[in-house]
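First the structure, which I've put down as structure tokens, then a few questions once you've had a look.
Coordinate-derived values only; no laboratory data. Just so it is clear, the structure is predicted and the values come from calculations on it, not from any experiment. Backbone-built Cβ (ideal geometry, glycine too); neighbour counts: all protein chains shown.
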Amino acid sequence: MALPYFPLYPKDLLTDDRTAELTTEELGLWLIVLCRMWIAENELADDDDRLCRVLRIDLETWQSLKQRLLANGLLRVDDGHLLNNRLTYEFMRICSKSEQSKRAAFIKAEKAALIKAQKSQLAVVAPLSGRESLEEQVEQMKAKDMLKRANA
């Protein structure tokens, strides 16, 4: 379900003491890690070798950054996955909002289908509720059809 974007609050990112201590390179790598977490629907595997390839850095650089992020609380490892509390919160909030929208759209579609079905039933029943019998209505329709053909 992951959206192709996620909320990023520059003021929060740049004024947080934990990110203010990161070097420019580390901050850039941290943003890539956040993006990868989002794309992985908040289930980014704690796989150092793979992350090194994705981040295009050597293992020593990644392990140093990872230890720093873990120590200052920006990153945590849970059940073999890398997580960030704020990203987890935003992901859950957006998933919940998306589910609510899907439910509302489904209910709206069901109502529209029901109204359409009711209207079509009325359209079939309405002509029969007039003064003419069914046979008379059929005869009138045949006569109209014959007139159309004769005039064509």
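Given the options 64, 22, 9, identify the residue whose Cα lies farthest towards the positive end of the charge dipole of the range 1-101 (+1 on Cβ of Lys, Arg; -1 on Cβ of Asp, Glu).
9
Give the aspartates and glutamates reachable from residue 144 as a straight Cα distance under 16 Å; neighbours fewer than 8 places away on the same chain don't count.
132, 135, 136
Can you run phi through the Karplus equation (6.51, -1.76, 1.60; θ = phi - 60°) for the range 79-95 and list ³J(HN,Hα) in whole Hz, with x for Gly and Pro?
6, x, 10, 8, 9, 10, 4, 5, 5, 4, 4, 5, 4, 5, 4, 6, 4
With a point put 7 Å past each Cα toward its Cβ, work out how far residue 32 is from residue 63 in nm, to one decimal.
1.9 nm
Please list, by residue number, every one of the trypsin sites (Lys or Arg not before Pro) in the range 32-69 that is coil in DSSP and has at most 16 other beta-carbon atoms within 10 Å. Spell out each step's value before the answer.
On the way: sites: 36, 50, 53, 56, 66, 68; in loops: 56.
Answer in residue order: 56.
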